[in-house]
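Q: Take this structure, written in structure tokens, and hold onto it; I'll ask about it next.
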2 protein chains.
Amino acid sequence: MITRLSTLFLRTLREDPADAEVPSHKLLVRAGYIRRAAPGVYSWLPLGLRTLRKIEDVVREEINAIGGQELLFPALLPREPYETTGRWTEYGDHLFRLKDRRDNDMLLGPTHEEMFTSTVKDLYSSYKDFPVTLYQIQTKYRDEERPRAGILRGREFVMKDSYSFDMDDEGLEASYQAHRGAYQRIFDRLGVSYAICRATSGAMGGSASEEFLAISENGEDTFVRATDGDYAANVEAVVTQPGTERPVEGLPEAVEHDTPDAETIATLVDWANAAGVLIDGRPVTAADTLKCVVLKVTEPGAEAPELLGVLVPGDREVDMKRLEAALEPAEVAMAEEGDFRKNPFLIKGYVGPRGLAANGVRVLADPRVVTGTAWITGADAPNRHVVGLVAGRDFEVDGFIEAAEVREGDPAPAGQGSLTLARGIEIGHIFQLGRKYTEAFDVQILDVNGKRAIPTMGSYGIGVSRLMAVLAEQRHDDKGLNWPVEVAPYQVHVVVANKDQAALEAGERIVAELDAAGIEVLFDDRAKVSPGVKFKDAELLGMPFAVILGRSFADGTVELRVRGGETLEVAADEAVAKVAELVRS
Amino acid sequence: MITRLSTLFLRTLREDPADAEVPSHKLLVRAGYIRRAAPGVYSWLPLGLRTLRKIEDVVREEINAIGGQELLFPALLPREPYETTGRWTEYGDHLFRLKDRRDNDMLLGPTHEEMFTSTVKDLYSSYKDFPVTLYQIQTKYRDEERPRAGILRGREFVMKDSYSFDMDDEGLEASYQAHRGAYQRIFDRLGVSYAICRATSGAMGGSASEEFLAISENGEDTFVRATDGDYAANVEAVVTQPGTERPVEGLPEAVEHDTPDAETIATLVDWANAAGVLIDGRPVTAADTLKCVVLKVTEPGAEAPELLGVLVPGDREVDMKRLEAALEPAEVAMAEEGDFRKNPFLIKGYVGPRGLAANGVRVLADPRVVTGTAWITGADAPNRHVVGLVAGRDFEVDGFIEAAEVREGDPAPAGQGSLTLARGIEIGHIFQLGRKYTEAFDVQILDVNGKRAIPTMGSYGIGVSRLMAVLAEQRHDDKGLNWPVEVAPYQVHVVVANKDQAALEAGERIVAELDAAGIEVLFDDRAKVSPGVKFKDAELLGMPFAVILGRSFADGTVELRVRGGETLEVAADEAVAKVAELVRS
């Protein structure tokens, strides 16, 4: 097909939109792919819609190829099924809620587990019907607190969500691996640079879980990779290498000290070194101190929060996202002034593990705080610290928790060297959801023995509209976009940059031949636009290849520009064959 | 492609759903094309989604062919643009309204004039950019008072809406005619039986307007067709053939009579005939009486309603839909007891045109009430009527109005015989919208003379998801659906109805060959399902052609069934060629 710039509904902009911070947002708006309708809500202009549909098609082909069956659920949904799973409430402000004219509660679907599960329950009743994988490519709604970066995090967005239903765990594992492979093929075809990261399963419930993160400095997710291996994980999912246990026998006694003006870790270390304190025979660093963070934790359904003490080495901060992920679905908050007043045994700045345990507060420790490690920590009295407090001898903990920050250089698991940190954008998430939803809807299936069994689910999502932003983010330069052939709105941009009638006619011939060869062409046939503006637009719009009929056309040659790459001079009558070769390769 | 019934996510039902009244609703649910999620909100199961997408593709191809450019607006929209046009309020309960987490008013788009118009305003500024036609195929939301008949009138539905923008009326006319042609091609390709009816433009504003009505006894719209010509019109748009004017000179004087017990038209005619009254020398019929209907009309923005008298021949009822269409955008209600009490000159049952006029009430008459026609009507006093009251002599009217019911046999315009009545389902609507929205958004474009001009719009809609119900409505039989080749989920249904392994293997060969020929195949490969159930399912699902490997397979033949038509016996090795021929024809 041929689309002419003289009639295409498009206006490119030279200025960045005022609300745009990241390159994909700036360029997609400037190049006329998208247009803002409301915060986090975008219109898809003709070029943008073409690329969106092509991304959808790649996703569709690969999910069909693993046996996925496409259907389409409504976006406007009744409250009841989301009440069944508790998510009507759990979603909080993220859910768009509304009432219809009969005062019925409705919602705009943020995700459709309820619909998939209840539909399978309605249609299927025998193990012979399983396994089944269903999916949709659908518009979803989430009332994000901070919609950002254009279509990177929108409030109305397109998602592919699939669900597998299997009768047993082996089936689920197979469905999971099939999706894992399909996702790799999808992102490879799209030319996305990504990492597959172990992930926590979040509010969705379930067990095994991996995220596909597009590598991007503008990503909201931090993840780690091993220097010597293929380990990668979302920071929330990083498992700390535990400290080495050692016998407590023979370790020096713990000694309490007056420590005036040592309320912070830094001042405490200063005091210890000024006082000549040694831990394990070495001068003290922040890593020898033990921070006792007091939190309030509210379990789902609980009326009031309970106190929780979290112990982390003093050289690390508590990473609230890791802490929250570790304690989900409970809600967590730092203890406040009032909590300290209500619990006089909590001496602010001097809280220690012994005082917490003595007063019935649950204590969870960083995995480095193992039996035999010795610490400087609060002595549960004003201006008092204790030196050489040994875990497993002087205090016990109720368990371990992943709450401390992860740092560049931390050891990677399984001897894969150390961890490096990077930022990424979540483009896919696959996980073994299990029976959370099939149990909620009581999906009873007759198994091979004629007994009732509840199928297990896998859940697999791809942010389809987000992928378009990710491609723009990873593949642009300072002049504009640069689409992969597979999803470019048009594969070739033909520019007539020569005022001779002969050049325009040759351009018409070339686009007609390209079209006949099945190549999609964007044709800059605009009569009164300068070559400079045409070149700038071509770079901004970002088709993978451009054919320029410019000055050299008089000598029978045209320029063939690879976006972001080389420029070739080719004979005008060889241009079509050469372009076709590049497009197919 | 080949889809196997052994794995297809489908369950056919033998019973009609309890809430279904019309055949399309019953069959689409029973055949597993759609599934109800909430009143007027449906999920598209795999078969239904395939047909929906194919209908969309037919629409897309034909709108692209007339130069339409596809884009996609959000469904979730901010209030402001709909405030600009007043439709935030005007839509009343039909609009789904909601608030986001920051308490901003938002809505689910029922139609997108605001978005199209404001986007054109943003992108275009010169006459050189015009004409432009933009469209989308998009999910829309209307909170219908009575969602009915499955996807025939839903609250979430798919629509194709296009808008043309032209600098002048000639351009608009050309854009309108281009759409008219495209719509004919679309409905012809889909095999819909339809009529193109003159229509009122309704709340959308604008002038020339036609509706495409699919002919169906389950339609909500009544329309008329001429017996001798191509005239067709929605009942609201029927223009009454006016009565013949005649000189008033020489007509008998009007005479008042006591008419006890003659409050209704029937009793009044009885009285007149008993009293020997003649009108124009003939005995009296109801058509000689004149009904004076008293209404309350509230103009937009008016604080209180005003009285309006509407005169119609006594043999016809006032058709409230025609009346409302004639008075739009004003709101209309019948006068109530209180109104009669407040206006003592209104003598219930005896209201006449003279009393209305004398008291300053505006009077509009049916076009049959022309100068020189003589009537029996109320005398504005209890138990009193006047006989021989002549229009243009004894009373004047302020204008004419299309308010009386249209009847089978009424004269058609332009000598096209008489009118017949039929029912239809609106599947398309095209009209010349004019400058209502471009003026509301102040879309100023520099014209060829460098002056500012406001472009004029055409508006063109197709109910895409509704079309699927219409096809089911028009093309089913008592056994099931019957899709046209163009939009059937699969073109051929291959049924193995023979338990021999050889038949199953031959079936596999046939489907593979059909697939290789580019034909989409639904393959009933189910092992433990009886031939009878397979045949019933094939008829219910409604693929246009079926290949049956049954008893005669032993003799080397298969059955080739045309859905709703003949059954052929063909040699098994000729089946593929024969099917391919039928599919292409």
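Q: At 7 angstrom along the Cα-to-beta-carbon line, where would the label on residue B:189 sit relative to the other copies? Give the distances in nm, shortest first.
A: So the distances to the same position in the other copies read 2.5 nm.
Q: Below 8 Å between Cα atoms, with a sequence gap of 6+, how large is the relative contact order for chain A in percent? Show your work: numbers first, answer last.
A: Values: 1229 pairs, mean separation 104.8, N = 585.
Value for chain A: 18 percent.
Q: Compute the distance from the alpha-carbon center of region A:67-124 to that of region B:333-392, in whole Å.
A: Distance between centres, Cα-based: 57 Å.
Q: So which lysines pass the test for residue B:296, namely a Cα distance under 20 Å, with those fewer than 8 places away in the same chain ruled out?
A: B:321, B:342, B:348
Q: Nm distances between the label at residue A:381 and the same-position labels in the remaining copies, 7 Å along Cα→Cβ, shortest first?
A: Distances between equivalent label points, in nm: 11.5.
Q: Once phi is turned into θ = phi - 60°, what whole-Hz ³J(HN,Hα) does the Karplus curve with 6.51, -1.76 and 1.60 give for every residue of region A:427-437, x standing for Gly and Pro?
A: 10, x, 8, 10, 7, 8, 6, x, 9, 3, 7
Q: Sticking with this one: Nothing charged except the Cβ atoms of Lys and Arg (+1) and of Asp and Glu (-1): what's the magnitude of the dipole of region B:155-238 about its Cα centre? Round to the nearest 20 debye.
A: Numbers: 7 positive and 16 negative charges, 67 e Å.
Charge dipole of region B:155-238: 320 debye, to the nearest 20.
Q: Also, I was wondering about something else. Skipping prolines and chain starts, which residues have an amide H placed within reach, meaning under 5 Å, of the one on residue B:4, given they are 5 or more residues away or on another chain?
A: Answer set, sorted by chain and number: B:523.
Q: Please give the charge dipole size of chain A, origin at the Cα centre, charges +1 on K and R Cβ atoms and -1 on D and E Cβ atoms. Round to the nearest 20 debye.
A: On the way: 66 positive and 95 negative charges, 367 e Å.
Once rounded to the nearest 20, the dipole reads 1760 debye.
Q: If we count other beta carbons within 10 Å of each Cβ, what is the order of B:45, B:504, fewest first? All intermediate terms of the calculation are to be shown ahead of the outcome.
A: Values: B:45 27, B:504 15.
Fewest-to-most Cβ neighbours within 10 Å comes out as B:504, B:45.
Q: Multiply the residue gap between residue A:15 and residue A:246 by 0.36 nm, knock off their C-alpha separation, and tell me the result in nm, one decimal place. Working shown, then result.
A: On the way: separation 231, 0.36 × 231 = 83.16 nm, distance 6.34 nm.
Extending this stretch completely gives an extra 76.8 nm.
Q: Tell me, for the rotation carrying B onto A, which chain B residue has the beta-carbon closest to the axis and what that distance is in whole Å.
A: Residue and rounded Å distance to the axis: B:98, 2.
Q: Among A:386, A:489, A:136, pick out the residue whose Cα is farthest towards the positive end of the charge dipole of chain A, where Lys and Arg carry +1 and Asp and Glu carry -1 on C-beta, about the Cα centre.
A: A:489
Q: Please order B:476, B:112, A:94, A:179 by the number of other Cβ within 10 Å, starting at the fewest.
A: On the way: B:476 21, B:112 24, A:94 15, A:179 27.
If I rank by nearby Cβ atoms, fewest first, I get A:94, B:476, B:112, A:179.
Q: As a test of the definition: which semi-axes, in Å, follow for region B:154-303 when you take the square root of five times each eigenvalue of its alpha carbon gyration tensor? Largest first, please.
A: Values: eigenvalues 416, 79, 71 Å².
Equivalent-ellipsoid dimensions as semi-axes: 46, 20, 19 Å.
Q: Now a separate question. Nearest 500 deg cm²/dmol is fine: what mean residue ellipticity at 222 nm does chain A get from its DSSP H runs of n ≥ 4 alone, each adding -39,500 (n - 2.57), divided by its residue count? Working shown, then result.
A: Numbers: 15 runs with 154 residues, N = 585.
Calculated mean residue ellipticity at 222 nm is -8000 deg cm²/dmol.
Q: How big is the antiparallel share of DSSP beta bridges in region A:255-400, given as a percent to the nearest 5?
A: Details: 23 of 31 bridges.
Approximately 75 percent, going by the DSSP bridge assignments.
Q: Could you compute how fast region B:255-400 diffuses translationally, taking Rh as the Kirkwood radius over C-alpha pairs and applying Stokes-Einstein at 4 °C with viscosity 1.567 mPa s? Give it in µm² per second.
A: 83
Q: Mind checking the alpha-carbon convex hull of region A:492-584 and giving the volume per residue in Å³?
A: It is 82 Å³ per residue.
Q: Here is a further query. Could you give the nm distance between label points at residue A:585 and residue B:303, where each point is 7 Å from its Cα heading toward the beta carbon?
A: 8.0
Q: While we're looking at this one, here's another question. If the label for residue B:270 sits 7 angstrom from Cα along the Cα-to-Cβ line, what are its distances to the same label in every other copy, in nm to one decimal, shortest first?
A: Once sorted, the set of distances for residue B:270 reads 11.2 nm.
Q: Quick check on my link table: of B:160/B:479; A:140/B:160; B:499/B:578, which ones sit more than 26 Å apart, alpha carbon to alpha carbon?
A: Working: B:160/B:479 31 Å; A:140/B:160 20 Å; B:499/B:578 24 Å.
Check vs 26 Å cut-off fails for B:160/B:479.
Q: Right, another one. What list of ³J(HN,Hα) couplings, whole Hz, do you get for region A:166-183 from phi and the Karplus terms 6.51, -1.76, 1.60, once you set θ to phi - 60° and write x for glycine and proline?
A: These are the phi-based 3J(HN,Hα) values: 10, 7, 8, 5, 5, x, 4, 4, 5, 4, 4, 5, 4, 5, 4, x, 4, 5 Hz.
Q: List the trypsin sites (Lys or Arg not before Pro) within region A:1-60 that fall in a DSSP loop (any state other than H, G, I, E or B) and whose Cβ has at most 10 other Cβ atoms within 10 Å.
A: A:14
Q: To two decimal places, what compactness ratio does the protein assembly as shown give when its Cα radius of gyration is scaled by 2.2 N^0.38 Å?
A: On the way: Rg = 37.7 Å, N = 1170, 2.2 N^0.38 = 32.2 Å.
Normalised by 2.2 N^0.38 Å, the Cα Rg of the protein assembly as shown equals 1.17.
Q: Here's another thing I want to ask about it. What distance in nm separates the simple spin-label points at residue B:569 and residue B:285, each placed 7 Å from Cα in the Cβ direction?
A: 6.2
Q: Continuing with this model, one more query. So how do A:377, A:133 line up by other beta-carbon neighbours within 10 Å, fewest first? Don't skip to the end; give the middle numbers.
A: Details: A:377 26, A:133 22.
Placing the least packed residue first, the sequence is A:133, A:377.
Q: Which three numbers, in whole Å and largest first, are the semi-axes of the equivalent ellipsoid of chain B derived from its Cα gyration tensor as √(5λ)? Walk me through the intermediate numbers first.
A: Values: eigenvalues 596, 203, 96 Å².
Calculated on Cα positions only, the semi-axes equal 55, 32, 22 Å.
Q: About its Cα centre, how strong a charge dipole does region B:492-584 have in debye, to the nearest 20, once Lys and Arg get +1 and Asp and Glu get -1 at the Cβ?
A: Working: 11 positive and 17 negative charges, 73 e Å.
Roughly 340 debye, rounded to the nearest 20.
Q: Right, here's the next one. Express the C-alpha Rg of region A:430-539 as a ratio against the empirical globular expectation 2.2 N^0.38 Å, rounded to two decimals. Mind showing how you got there, number by number?
A: On the way: Rg = 26.0 Å, N = 110, 2.2 N^0.38 = 13.1 Å.
Compared with the compact-globule rule of thumb, region A:430-539 sits at 1.98.
Q: Moving on to the next point. When the Karplus curve 6.51 cos²θ - 1.76 cosθ + 1.60 is applied with θ = phi - 60°, which whole-Hz ³J(HN,Hα) does each residue of region A:261-269 get, with x for Gly and Pro?
A: Result, rounded to whole Hz: 6, 10, 7, 9, 4, 5, 6, 5, 5.
Every number in this text was worked out from the coordinates using simple rules, so none of it is lab data. Note that the structure is predicted; figures quoted are calculated from it, not measured. Note that we place each Cβ from the backbone using ideal geometry, even for glycine, and neighbour counts take in every protein chain shown.
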